[in-house]
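Just below is one structure, and these are the notes that go with it.
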Amino acid sequence: MRALYTILLLVVSNIFMTIAWYGHLKLQAMKVTSSWPLIAVIVVSWGIAFFEYCVQVPANRIGFSGNGGPFNLMQLKVIQEVLTLIVFTVFSVIVFHGQLYWNHAVAFVCLILAVYFVFLK
């Protein structure tokens, strides 16, 4: 169950972080924040990122093998990076109407291979 909780918390943290990093670009395109000073956009992004940290830190504590979790530090990081790219891909397709191409599929296969290799004994 610790593995499942870790992964679910990492997904939630990545949703918050993706919104903090890229959500302002959509708001700017919608003319919501286009007149805001950069510092205001940064402060709002920090506010969103706060919630990311409130989920990320427990995810790493629960999942880390040094705390009784199932993952070593390298495995946690690779899982985090893969989830970051999956969440970002979904976000960019839904929010920015981005397109996926064959090279994106190849990149995802490489990510799956990275996960495979990091879990090898």
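A short reminder: the numbers here are calculations on the coordinates, not readings from a lab. Here the structure is a predicted model, which is why all the values come from computation and not from measurement. Using ideal geometry, Cβ is built from the backbone for each residue, glycine included, and neighbour counts are taken over all protein chains shown.
Okay, residues lined up against (1) charged (D, E, K, R); (2) surrounded by 14 or more Cβ atoms within 10 Å (Cβ to Cβ); (3) within 26 Å of residue 119 (Cα to Cα); (4) touching a strand residue (DSSP E or B) at 6+ places or on another chain (Cβ under 7 Å):
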residue: 10; (1), (2), (3), (4): no, yes, yes, no
residue: 30; (1), (2), (3), (4): no, no, no, no
residue: 52; (1), (2), (3), (4): yes, yes, yes, no
residue: 58; (1), (2), (3), (4): no, yes, yes, no
residue: 83; (1), (2), (3), (4): no, yes, yes, no
Worksheet item: Do you know which of the residues in segment 65-81 that are over 15 Å from residue 116 (Cβ atoms) and aliphatic (A, V, I, L, M) is nearest to the chain's Cα centre (by Cα)?
Response: 76
Worksheet, complete the sentence: For segment 87-101, pairs from a residue that is without any contact (Cβ under 8 Å) to a residue 40 or more places away in the chain to a residue that is surrounded by 11 or more Cβ atoms within 10 Å (Cβ to Cβ) and assigned to a helix (DSSP H, G or I), with Cβ under 6 Å and 6 or more apart or across chains, are 98/92
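Inside segment 108-121, can you point out the residues that are exposed (fewer than 13 other Cβ atoms within 10 Å of the Cβ) and of a type in the set (A, V, I, L, M)? First the steps, then the outcome.
The initial filter retains those residues of segment 108-121 that are exposed (fewer than 13 other Cβ atoms within 10 Å of the Cβ), namely 109-110, 112-113, 116-117, 120-121.
Across segment 108-121, the qualifying residues are 109, 112, 113, 120.
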